[in-house]
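Okay, structure first, notes after.
Every read-out reported here was derived from the displayed coordinates using simple, explicitly stated rules and does not represent laboratory data. Bear in mind the structure is a predicted one, so any value in this text is a computation, not a measurement. We place every Cβ from the backbone using ideal geometry, glycine too, and count neighbours over all the protein chains shown.
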2 protein chains.
Amino acid sequence: MKNYLKQDPWCIIEEGWHPQENKITESLMSLGNGRMGQRGNFEEQFSGETLQGNYIAGVYYPDKTRVGWWKNGYPEYFAKVLNACNWIGIHLKVGEEEVDLHTAKHVSAFRRVLDMQGGTLFRSCEVELNNGKQIRIESLRFCSMAEDTAGAIKYSVTPLNFSGTISFEVFVDGDVKNSDSNYDEKFWDAVLNDAGHNSGMVTVSTRKTNFHVCTAFAFTMYENSVEMEFQGKPTLKDKYAGVTVNIEAKQNVTYTMYKYAVNLSSLNFSIDNLPNEAKKILKSITSKGFESMLLDHQQVWADKWALSDITIEGDIMAQQGIRFNIFQLNQTYTGEDARLNIGPKGFTGEKYGGSTYWDTEAYCIPFYLSTAPEKVARQLLLYRYNQLDKAIENAQKLGFSNGAALYPMVTMNGEECHNEWEITFEEIHRNGAIAYAIYNYTHYTADYSYLEEAGAEVVLAIARFWSQRVNFSTDKNKYVMLGVTGPNEYENNVNNNWYTNYLAAWCLNFAIEVMEYLKAKSPENYHRIVEKIKFDETHELKQWRTIASNMYLPFDAKSEIILQQEGYLDKEQILVKDLPESSRPLNQKWSWDRILRSCFIKQADVLQGIYFFEEDFDLDTITRNFHFYEERTVHESSLSPCIHCILAAKIGDYEKAYEMYLRTSRLDLDDYNNDTEDGCHITSMAGTWLSIVQGFAGMRVVNSSLHFNPYLPQQWMQYSFKITFRKALLKLTITKDRIEIENQSGISTVLSVYDQEYKLDANSTLVI
Amino acid sequence: MKNYLKQDPWCIIEEGWHPQENKITESLMSLGNGRMGQRGNFEEQFSGETLQGNYIAGVYYPDKTRVGWWKNGYPEYFAKVLNACNWIGIHLKVGEEEVDLHTAKHVSAFRRVLDMQGGTLFRSCEVELNNGKQIRIESLRFCSMAEDTAGAIKYSVTPLNFSGTISFEVFVDGDVKNSDSNYDEKFWDAVLNDAGHNSGMVTVSTRKTNFHVCTAFAFTMYENSVEMEFQGKPTLKDKYAGVTVNIEAKQNVTYTMYKYAVNLSSLNFSIDNLPNEAKKILKSITSKGFESMLLDHQQVWADKWALSDITIEGDIMAQQGIRFNIFQLNQTYTGEDARLNIGPKGFTGEKYGGSTYWDTEAYCIPFYLSTAPEKVARQLLLYRYNQLDKAIENAQKLGFSNGAALYPMVTMNGEECHNEWEITFEEIHRNGAIAYAIYNYTHYTADYSYLEEAGAEVVLAIARFWSQRVNFSTDKNKYVMLGVTGPNEYENNVNNNWYTNYLAAWCLNFAIEVMEYLKAKSPENYHRIVEKIKFDETHELKQWRTIASNMYLPFDAKSEIILQQEGYLDKEQILVKDLPESSRPLNQKWSWDRILRSCFIKQADVLQGIYFFEEDFDLDTITRNFHFYEERTVHESSLSPCIHCILAAKIGDYEKAYEMYLRTSRLDLDDYNNDTEDGCHITSMAGTWLSIVQGFAGMRVVNSSLHFNPYLPQQWMQYSFKITFRKALLKLTITKDRIEIENQSGISTVLSVYDQEYKLDANSTLVI
């Protein structure tokens, strides 16, 4: 666990340079705007430990699959998030020496600050070069939330102990590599590049997928506050465009460059028009100017925070942690484009390839549902609808028929991006989470239009999958589901994973309800769909009902415990508390087979099901199963503790709930898993939000109204969060002695607190 | 299924060239002598379809592992069989044109013949070049069985329609690659090379492992039968040494080169001495001459055939098939060196890496036990004993302790060479086969010295592994074994695979017996071992007994079927006969998950156990289980049909037995699985031998004597085979009306035929 950052409610602050932690800091200080993102790399040359990363949402490369042993059904290529053109670059020379913080004689007064409120990254430092010259560097940059193709940098250099030549080579460089390339290939080809006296551009295209990305820049220079005239010298190299300006700098005078850059991709612009469009936007932002762009950008952030902020009093670490998570979620996904989704690393690293896991449906959608306009969550659902044909193809490849859909475990464009058979082919519960998210959206928003227009088709295709994936066991006289991997990936290829079986039965019932709903309420859509998918009403509904009501659900009658899977009790039952510290984390200390045959659980599995379907279980059942499984869970997935936190809170085990909360809230800030250098755990950040809102505040939607069951963790003075529910914006504040619910919208709403119903008028406050 | 080779009892004959099948023919016409091997490649340049391969036993390269997703416990490197220096090469030029059968204008009168009786490869053809010149080429070569570092080639060229210059560049070339290199690396570095007027040599060394291999050659030339004087011109290139001789050739005169080559490795010679030793041996074979070397070589083959030949009358295809299998087994492994083993492809290809699978113990050892001096099988056992420390290390890596050993799934030097978790970590029944082979050797030979001196330690370390690998299930009140893969690799990570559990219990009992035997009969070894392995007599023996007698063995009481694993009857029960042809082979047509959850079986699993422990089961049980599992077995492993053949014969289902026999006997000759181009299935060839000897002839060792229960497949006129049993050499001939057993040795023996006991005096014949 790292602990080198300063505590602050709104900022992430590195004070004094920590070069050995630089890759971690770069991950943490990544900026994004939903369309592009940039790790916290330095603008100037840096030869020390670094992972250079600039990412353009939706632009991917199908890297050739690498396997130890090929299995039928594996995808031949995987879509990978691409490291794209470096748009922040500035080669800085003082005299003949290139400034490089790794090779410089001395770096002092270093400060790097991510301001989450305004979405900017600031850096300042003093550098003594090997030639004895000392300079001060300051930079401030952002990826504009207001104009999502644009980024801007204010970059200042002040000679501290000399007057002399300083040269700036401002550049964009598309000759970049992915560090996770399977065969060490480069993914980008040159298309064109161009440079003038104060601007340049590079267009590159991806191999195979032929995405074109044009990165263009222009810059202005100031001597203190006076704009300078200059004639930069252009340099063109392969996939590179630079402009060099030499300045005869005076001691203690500050030379500031404003670099404006745009990243346009052929996802949104026609290939032929890319350079012209880039020039147009570049011209517009340059004439708007840095400060004015920054104001627009900060206004968007202010609006986002107004809907999504959580304040915590009495615990600045917790405050910083939760804001960091909300900040990252908001800059990773904005809901502007249904082709995009939320990668596990967002814009903070390349790891894991692909962009979409079931994390989106199970963890992120609830966050966006409550903290952003409905459209945002709806776009995430639409993403899956748009990939339905590919999911049907995917299922066909595995032997399913009749329009059954299996969504990929990991995907970018709808095709599978993963190839471990036990996951790709068997961790099929993801399909259920996708149906569940449609239910969740509809239930939360009461907006049935998505279901009618698109969602129903997804639900039906998923139901068809389950109906083919089970088989009838004459031995058990039940439907069984063989060869699956549940959310607990420390079990593979098990039979009758309870969570998967329960979720599958639920999906079948939900599909039946959906068809009944459509038939009654939206007959036009009903008939459209029956026609489109050749739905056999009599046979299919009957079959689904039969399966759903005869699904085998493993249960131990003696202990009254739901069994994670058949045979779970054959394992040697050891509790996590009895595991020696030297064995943790298991995934680093134990061989894979030992993990598999142990009783230890990576992440909520039975409990994930109880969390999804809480209303189906009485408190005793929840309590009994929670204790049984929590004692066996090692939480070696960042997605695990939040579910345990919520259920612990539900059963009144507040100590456990807080312990679980702590494991997610600062996972990346404290580099808890020793892997933040690869990027942040974006999707699991939604789990921290869930821990507070559904855990500590006990928020549920029951029968179309919000229910709360809040308590204040004893470590805090108070906390406050905002929820948008069916257009009503509520601010809840929970203090030691009262609960305040402020309706900040013009819509009245009914809600329950501790099972007592209240009506909350528009713009009124309820105090309990 | 390919069918382009001619039928012949002793030869494999390609008549007329089949360039599209060239890689298959190259595999089939591989030569070896236990120490080195060479695919049936052409001597001269060939730019068409070919897999060049020359292999030196025991010389390997640890290639960096390639995986899709790393699991703890995977080996970082894999030992791979290496494609080594090409020693057969001759660049042949006619005028300015290099002879290349792929680019030549016309090839006719092509004939390639593998003579299995004498172990030679002959080729002849007429070639019309693009310059219009026609030549005849003839070559004859062998890898000497008498001098196992040496190979020799007689290579003749006759100009048919011209007189003019013909040039021979005789060479050895170490600049070769493995086609299965994971990262496209070359594995060999240059050490030195040298060439003179009629000889040359190249020494190369392997990267990382630093094996040195010196390949040296010398040659003589004849004009018709008259030796020619010549001064060759040396050429040295990287890892290459060549000598060019230009001849003014006359029409219809034959120019013959005798190329003598040696391959010496640092496995057997000190690195410093390699070139001198190579020269010495080269000198000796050159002065001996081709014909004389050939005679020595053929004498060794005559001796081998005298012990191992099987004759079949009335079915020339079957005769050719069985001889091909015996030939390959004998040229792959000779038992000269306990560091060597039997790779699945022998010297016929690179595929699968590593050299040793459980195939050796389960299939090959019975073959060598019966057809070769005792020492041969003993060397194979010694190989495992010598790797015991590595097997203990391997088990430690996976979390086992107290000297428990897990032998690798695939190995070269004792380290694991495989990395699919479901195989590497879970297909642990291999450990049992290794203990079983020790039992088998001792039981067959009555030679207890191996057990006492070495084998006991292996058996004990294996017993310790099983005792830790099981756990007690309080739920079942039995010991269970979770997370294994049985021989049927179409099931992964199952619980309580019957075969593995049964074999483990047997191993524990065998280990107890071994300790009791040693204590009584070889107290010195007993004490040595107790000391060496810190054996806790009281505790360990008791624990082993408890586990062995309380092992959970899945069984279905209703159908009285042994269950392949727990839950097998939950699968949809479909029979192979009801599978559409379009689904076969499953491993090419179905996705992996579909295969896994189906009831279909890749290879004998329960039946492998019944085969090993036949005496434990009554005929009804064998029959019932055979029918149940045979109906569900797709035989998509070359190791499967032989076991089914033997059991079908046992229960009197002769039609099924013959059907199964046909699936192995010509697997490679007919390219049944469409993969012979990668090399032949060497280890499964032992299965064909087993099918005849244990299947049709019903040979068993019961209570220290041979039992036979022979019948003649109706497709045959008669068959005959030889068996060495405790120094007695028996020749059995089974005809339509009688069984003849000829004792060809000076030792009398007792045996049973159809459960009737006979005493067979030295050099006498029994006719029944």
> Out of B:Ile768, B:Ile462, B:Leu51, whose Cα points farthest toward the positive end of the dipole of chain B (charges: +1 Lys, Arg; -1 Asp, Glu; placed on Cβ)?
Replying inline: B:Ile462
> When we measure straight from the Cα of A:Lys375, which lysines land under 17 angstrom away, once same-chain ones fewer than 8 places off are left out?
Replying inline: A:Lys304, A:Lys727
> In percent, how large is the relative contact order of chain B, given Cα pairs closer than 8 Å and 6 or more residues apart?
Replying inline: 12
>> Students often forget the sequence filter, so: which aspartates and glutamates lie under 20 Å Cα-Cα from A:Lys558 once same-chain residues fewer than 8 apart are removed?
In response: A:Glu566, A:Asp570, A:Glu572, A:Asp618, A:Asp620, A:Glu630, A:Glu631, B:Asp475
> Which chain A residue hugs the A-B rotation axis most tightly by its Cβ, and what is that distance in angstrom, to the nearest whole number?
Replying inline: A:Asn493, 2
>> Through the Karplus equation 6.51 cos²θ - 1.76 cosθ + 1.60, θ set to phi - 60°, convert the phi angles of the range A:143-154 into ³J(HN,Hα) values in whole Hz; use x for Gly and Pro.
In response: 9, 5, 6, 7, 10, 6, 8, 10, x, 9, 9, 10
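Give the shape of chain B as rounded, prolate or oblate, defined through the alpha-carbon gyration tensor: a ≥ b ≥ c are the square roots of its eigenvalues, a/c under 1.5 means rounded, and otherwise the shape is prolate if a/b is larger than b/c and oblate if not.
On the way: a/c = 1.79, a/b = 1.61, b/c = 1.12.
Here chain B falls in the prolate category.
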> Of A:Ser640, A:Ile651, A:Phe708, which is farthest along the charge dipole of the range A:609-768 in the positive direction, counting Lys and Arg as +1 and Asp and Glu as -1 at C-beta?
Replying inline: A:Phe708
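Can you tell me the order of A:90-99, B:320-329 when each peptide is scored by its average per-residue count of other Cβ atoms within 10 angstrom, highest first?
Details: A:90-99: 18.2, B:320-329: 24.9.
The most tightly packed comes first, giving B:320-329, A:90-99.
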>> Run the label-point distances for A:Tyr4 please: 7 Å along Cα to Cβ, every other copy, nanometres, shortest first.
In response: 6.5
>> Treating only the Cβ of Lys, Arg, Asp and Glu as charged (+1, +1, -1, -1), what charge dipole size does chain B show about its Cα centre? Round to the nearest 20 debye.
In response: 700
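Taking the Cα centre of the protein assembly as shown as origin, work out the dipole magnitude from +1 charges on Lys and Arg Cβ and -1 charges on Asp and Glu Cβ, in debye rounded to 20.
Details: 150 positive and 202 negative charges, 88 e Å.
Dipole magnitude for the protein assembly as shown comes out near 420 debye.
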> If you put +1 on each Lys and Arg Cβ and -1 on each Asp and Glu Cβ, how big is the dipole of the range A:309-696 around its Cα centre, in Debye rounded to 20?
Replying inline: 660
>> Can you give me the distance in nm between label points at A:Lys542 and A:Phe613, each placed 7 Å from the Cα along the Cα-to-Cβ direction?
In response: 2.5
> Across peptide B:571-583, what mean number of C-beta atoms from other chains lies inside 10 Å of a residue's C-beta?
Replying inline: 1
> Per q in 0.14, 0.16, 0.19 1/Å, what log10 I(q)/I(0) does a Debye calculation on the alpha-carbon atoms of the range A:630-768 return?
Replying inline: -0.68, -0.84, -1.07
> Kirkwood hydrodynamic radius of the range B:1-144 from all distinct Cα pairs, in Å?
Replying inline: 17.2
>> Tell me the relative contact order for the range B:309-696 as a rounded percent, counting alpha carbon contacts under 8 Å between residues six or more apart.
In response: 19
> If you take the square roots of the eigenvalues of the alpha-carbon gyration tensor of the range A:309-696 and sort them as a ≥ b ≥ c, do you get rounded (a/c under 1.5), prolate (a/b over b/c) or oblate?
Replying inline: oblate
>> Quick check on the range B:200-298: take the gyration tensor over C-alpha atoms, sort the square-rooted eigenvalues as a ≥ b ≥ c, and tell me if it's rounded (a/c under 1.5), prolate or oblate.
In response: oblate
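Give the average, rounded to an integer, of partner chain Cβ atoms located within 10 angstrom of each Cβ in B:468-481.
Working: counts 0, 2, 0, 7, 2, 6, 4, 8, 3, 0, 1, 0, 5, 2.
What the average comes to for B:468-481 is 3.
Please list the three semi-axes, largest first and in whole Å, of the ellipsoid equivalent to the range B:5-301, using sqrt of 5 times the eigenvalues of its alpha carbon gyration tensor.
On the way: eigenvalues 198, 101, 75 Å².
Ellipsoid half-lengths, sorted descending, are 31, 22, 19 Å.
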> So what's the net charge close to A:Cys85: Lys and Arg +1, Asp and Glu -1, counting the other residues with Cβ under 11 Å from its Cβ?
Replying inline: -1
>> Between B:His197 and B:Ala446, what's the calculated FRET efficiency when r is the beta-carbon distance and R0 is 56 Å? Round to 0.05.
In response: 0.45
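Packing-wise, with mean Cβ within 10 Å as the measure, how do A:670-678, B:73-81 rank, highest first? Don't skip to the answer; put the middle values down first.
Numbers: A:670-678: 18.3, B:73-81: 21.2.
Ranked from most to least packed, the peptides come out as B:73-81, A:670-678.
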> Sorted by average packing, counted as other Cβ atoms within 10 angstrom per residue and highest first, what order do B:577-587, B:591-601 take?
Replying inline: B:591-601, B:577-587
> Over its Cα atoms, what ratio of radius of gyration to 2.2 N^0.38 Å does the protein assembly as shown give?
Replying inline: 1.05
> What does the range B:1-49 give for Rg and for Dmax, in Å, if only its C-alpha atoms count?
Replying inline: 11.9, 32
>> I'd like to know which of A:Thr158, A:Asn72, A:Leu121 lies farthest towards the positive end of the charge dipole of the range A:5-303, counting +1 on Cβ of Lys and Arg and -1 on Cβ of Asp and Glu.
In response: A:Asn72
>> At 222 nm, what value in deg cm²/dmol follows for chain A if DSSP H runs of at least 4 each add -39500 (n - 2.57) and the sum is divided by all its residues, to the nearest 500?
In response: -9000 deg cm²/dmol
> Over the range A:5-303, what is the relative contact order in whole percent, taking alpha-carbon pairs under 8 Å and six or more residues apart?
Replying inline: 18
> For B:Asn252 and B:His18, what is the calculated FRET efficiency with R₀ set at 25 Å and r taken between the beta-carbons, to the nearest 0.05?
Replying inline: 0.30
> How far is B:Ser401 from the same spot in each other copy, in nm, shortest first, if each label point sits 7 Å from Cα toward Cβ?
Replying inline: 5.5
>> Need one value for A:77-83: mean number of C-beta atoms belonging to other chains within 10 Å of its residues' C-beta atoms.
In response: 0
> At A:Ser752, label 7 Å along Cα→Cβ: distances to the other copies, nm, ascending?
Replying inline: 7.8
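Using the Cβ atoms and a cut-off under 13 Å, what net charge is assigned to the surroundings of B:Trp305, where Lys and Arg are +1 and Asp and Glu are -1?
On the way: positive: B:Lys304, B:Arg323, B:Lys722, B:Lys731; negative: B:Asp115, B:Asp303, B:Asp309.
That works out to +1.
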